[in-house]
Amino acid sequence: MSRKALESAVEIKRHKADNLEKKLWRVMRSIEALNPASCTKNVLQELVAATEEFGLILQELDNLREQDKYGVFGSQATLTAENSILKNANDLILKIKDAKISDKSPETSSVLSRHSHRSKLSRTSTSSSVARLRDAAEAAAAKEQAEHEDLIAEKENEMKQREAEEEERRQQARAQHEKDIAIMSANKRVAIAKRS
């Protein structure tokens, strides 16, 4: 991919990611104001959908970042903040599901047992989507941590190399200085000998 095409793709994806992040934050804030157990099915579905959309766009950005050989991402090479938001959203989904499970009464359980097979499949699908997104977020965070460690190691190696080069230059300058002094001293002795 050319630099211009990559820049364009990154700009489009970042804009979309910003919009999806705002949407996800809105949904999360509205849910956090409520008791997690009192969230309706629609609110939970909205949170899951927003989380999945945001997770997908982050994966797309991560794929573009891997192709970035021009430094288009610059100082924003990692998606730490975005992955943190994604993790928080996934944690909130699990918190809501846990709260709903613990708040079920025997009466609610019997009503739920009459739900259709399709409804059960839908819940299973949602859980697996959340788990997949959580796994993807954790994998992205682990990958990002490894990249940070690589960058730190690279910077430390650069520093050691610079220090070694500076030490070598100091030694060369010292040797040159001693050589110059020795030559000047010899020239001085020759000059004195000529005058005698």
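Bear in mind these aren't lab numbers, they're just calculated from the coordinates by the rules spelled out. Every value quoted in this text rests on a predicted model; they were computed, and no experiment measured them. Counting neighbours? That spans all protein chains shown, and the Cβs are built from the backbone with ideal geometry, glycine included.
Data overview
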read-out	value
Residues 73, 54 arranged by fewest to most Cβ contacts within 10 Å	73, 54
Too-long pairs where the Cα-Cα distance tops 28 Å, listed order kept, from 13/97; 23/69; 22/100; 41/143	13/97; 23/69; 41/143
Cα point-scatterer Debye curve for the range 1-65, base-10 log of I(q)/I(0) at q = 0.16, 0.17, 0.24, 0.26 Å⁻¹	-0.59, -0.63, -0.94, -1.04
Radius 12 Å from Cβ of residue 181, net charge of other residues (Lys, Arg +1; Asp, Glu -1)	+1
